[in-house]
Amino acid sequence: MASGSIQYKTEEEIDLIRASALVLAKTHGEVASMVKEGVTTRQLDKRAEEFIRDHGGVPSFKGYNKFPFSLCLSPNSVVVHGFATDEPLKSGDILSVDCGVFLNGFHSDSAYTYPIGEVAPEVLTLLQETKASLYKGIEQAVSGNRVGDISYAIQNHVASLGYGVVRELVGHGVGAKLHEKPEVPNYGKRGSGPLLQTGLVIAIEPMVNLGKKDVVQEADGWTIRTKDRKASAHFEHTVVVRKDKAEILTSFEYIEKALQQ
């Protein structure tokens, strides 16, 4: 296909992405087992890189446009692209962990936001509803729908609760490149945007703010924060468009097992 067009994947290519996504899911599980008060995000980043490389993969994010870490680690009012630091996590924090794995020539991408210790009830609800909106969007990722159907489903769910939907950052196609066409916004109109067809692999990733939708970029050129400094949540799966029901390639299974221990 011509460069810059939407790349549909063969079943063989989807199998390779699925293998990448399994390593990614297990990496998230490793990180989840460490997320608690007193741990630094630098420790999480180091463990994730070790685990990915030990399983034959490469961290998708490290070195991407000179990004210096394997994970995007975004606490509290940081929406995405946060840097690992030596500051310990504390009770009341939330932390978005976004990770990508490159394996067998293909990327996978997913994110999960964790509560640390005793988190304010309204922030816990933000996390729950942002995660719920991810699955609302995934329900629309079927052949014959359009990107706008995914976008509308996410926006409709969280906007009805009074949350702000980030505009500047969007989901995307995933494959041999980490970011492919089409863009998958978390806001939009039903029936708009590119047609979804079987074999399209996309990352759906609602980024939802407790307050207003507006964001600012920090001086490091990467970190995106809510303008009003209120909390932001981020959940993401890599999925493949199918005829009747989207197939989720990534998984939160290992995260959930780790959190139950």
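The values are calculated or read from the model by the stated rules, or taken from the named source; none is laboratory data. Fair warning: this is a prediction, and the values are worked out from it, not measured in the lab. Using ideal geometry, Cβ is built from the backbone for each residue, glycine included, and neighbour counts are taken over all protein chains shown. Calculation scope for accessible area: heavy atoms of the full protein, side chains included, ligands and nucleic acids excluded. Shrake-Rupley method; radii C 1.70, N 1.55, O 1.52, S 1.80 Å.
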Exercise. Residue separation times 0.36 nm, minus the C-alpha to C-alpha distance between Lys243 and Ala132: what's the value?
Worked result: 37.7 nm
Problem set entry | Inter-label distance, nm, simple model (7 Å from Cα along the C-beta direction), Gln217/Gln197 | 3.4
Exercise. Using +1 on the beta carbon of Lys and Arg, -1 on that of Asp and Glu, and nothing else charged, what's the dipole of the chain about the Cα centre, debye to 20?
Worked result: 520
Problem set entry | region 80-185: relative contact order in percent, alpha carbon pairs under 8 Å with at least 6 residues between | 21
Exercise. Mind listing P(r) for region 11-260? All alpha-carbon pairs, 5 Å bins, whole percents.
Worked result: 1, 7, 15, 19, 20, 18, 12, 5, 1, 0
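Which pairs, out of Lys46/Lys66; Lys181/Lys230; Lys9/Lys243; Lys62/Lys136; Lys36/Lys227, put more than 24 Å between their alpha-carbon atoms?
Beyond 24 Å between Cα atoms: Lys181/Lys230; Lys62/Lys136; Lys36/Lys227.
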For this session: Take every Cα pair under 8 Å in region 164-231 that's 6+ residues apart, average their separations, divide by the length, and report that relative contact order as a whole percent.
Result: 34
For this session: Kindly report the accessible area of the chain per residue (heavy atoms of protein chains, probe 1.4 Å, no ligands, DNA or RNA), in Å².
Result: 44
For this session: Sort out for me the Cα centre separation of region 83-122 from region 54-70, rounded to whole Å.
Result: 15
Exercise. With the contact rule set at Cα under 8 Å and sequence spacing of 6 or more, what percent relative contact order holds for region 11-260?
Worked result: 24
Exercise. Extension gain Leu161-Met34, at 0.36 nm per residue separation less the Cα-Cα distance, in nm?
Worked result: 42.6 nm
For this session: Leaving ligands, DNA and RNA out of it, rank Ser251, Ser70 by accessible area with a 1.4 Å probe, largest first.
Result: Ser251, Ser70
Exercise. Of all the accessible heavy-atom surface of the chain, with the other protein chains kept in place and a 1.4 Å probe, what percent is carbon and sulfur?
Worked result: 50
Seminar exercise, completed: If every Lys and Arg gets +1 and every Asp and Glu gets -1 at its Cβ, then about the Cα centre region 156-223 yields a dipole, in debye to the nearest 20, of 360
Exercise. Length gain on complete extension for the stretch Thr10 to Glu118, per 0.36 nm per residue less the alpha carbon to alpha carbon distance?
Worked result: 34.3 nm
Exercise. At a Förster distance of 30 Å, what's the computed FRET efficiency of Gln261 paired with Glu139, Cβ-Cβ distance as r, to 0.05?
Worked result: 0.50
